[in-house]
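K.L.:
Sharing a structure here in structure tokens format.
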Amino acid sequence: MSFAQADIDAITLQLGRTPRGVIEVANRCSCGKPTVVATKPSLPDGEPFPTHFYLTCANLNSMIGTLEASGLMKEYEERLSTDKEFAEQYKKAHVDYLDRRNKHGLVDEITEISAGGMPNRVKCLHALVAHSLAVGPGINPIGDDALVRLGNWATKACVKESE
């Protein structure tokens, strides 16, 4: 997906600031607004930026924050330590993330750093959900599961154009 100035304007409203290093809109809500952007691994000022898939929807961010506050991340970490298949899927998600980001340049400081705590921890559910939304189901098991737990999040996240 590409992006237009209208997308940058919408993302600016969503974030409350101008987005940096945007390559494309990687996912859109059913209303058409950007939900996830893909960013360069190095921001315009040269700062390394490991978060290739960045969640922009403020309402979805809030819903994910509620999941984080519920203790869900600890549950995922426990599952990573006891479920070998789940842990292996999560490691594959880490590799997928790196492969996708590295297509846009290599930055020494973040060569093996993906996002969200991958491949061994669960540090930021927002980044994991962004990865799932950007690449579709079946790649990031934690992001996928969080989206299932949110149910039909888009109907709750969308805001009218005038808001």
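Bear in mind that the values in this text are calculations on the coordinates, not laboratory data. No experiment lies behind these values; they were computed from the predicted model shown. All Cβ positions, even for glycine, are placed from backbone atoms using ideal geometry, and neighbour counts span all protein chains on display.
K.L.:
Identify, among 94, 155, 48, the residue whose Cα sits farthest towards the positive end of the charge dipole of the chain, taking +1 on the Cβ of Lys and Arg and -1 on the Cβ of Asp and Glu, with the dipole about the Cα centre.
P.N.:
With unit charges placed on the Cβ atoms, the residue in question is 155.
K.L.:
Next up: Above 18 angstrom, tally the Cα pairs of the range 71-142 and express them as a % of all pairs, no decimals. Before the final figure, lay out the partial values.
P.N.:
Working: 887 of 2556 pairs.
Everything past 18 Å amounts to 35 percent.
K.L.:
For residue 109 and residue 123 in one chain, what is 0.36 nm times their gap in residues minus the Cα-Cα distance, to one decimal in nm?
P.N.:
On the way: separation 14, 0.36 × 14 = 5.04 nm, distance 1.89 nm.
Going from the current span to full extension adds 3.2 nm.
K.L.:
Here is a follow-up. Pick from 130, 146, 69: which residue has the top mean-square fluctuation in a GNM of the chain where Cα pairs under 10 Å get a spring?
P.N.:
Comparing 130, 146, 69 in a Gaussian network model of the chain, the most mobile one is 69.
K.L.:
Listed here are the pairs 33/92; 40/123; 40/74; 92/123; 40/91; 33/74; which of them are more than 25 Å apart at the Cα?
P.N.:
On the way: 33/92 29 Å; 40/123 21 Å; 40/74 30 Å; 92/123 17 Å; 40/91 22 Å; 33/74 31 Å.
As for pairs spanning more than 25 Å Cα to Cα, those are 33/92; 40/74; 33/74.
K.L.:
With only alpha-carbon pairs counted, each pair once and no self-pairs, how large is the Kirkwood hydrodynamic radius of the chain in angstroms? Don't skip to the answer; put the middle values down first.
P.N.:
On the way: mean 1/r = 0.0622 Å⁻¹.
After inverting the mean inverse Cα-Cα distance, the result is 16.1 Å.
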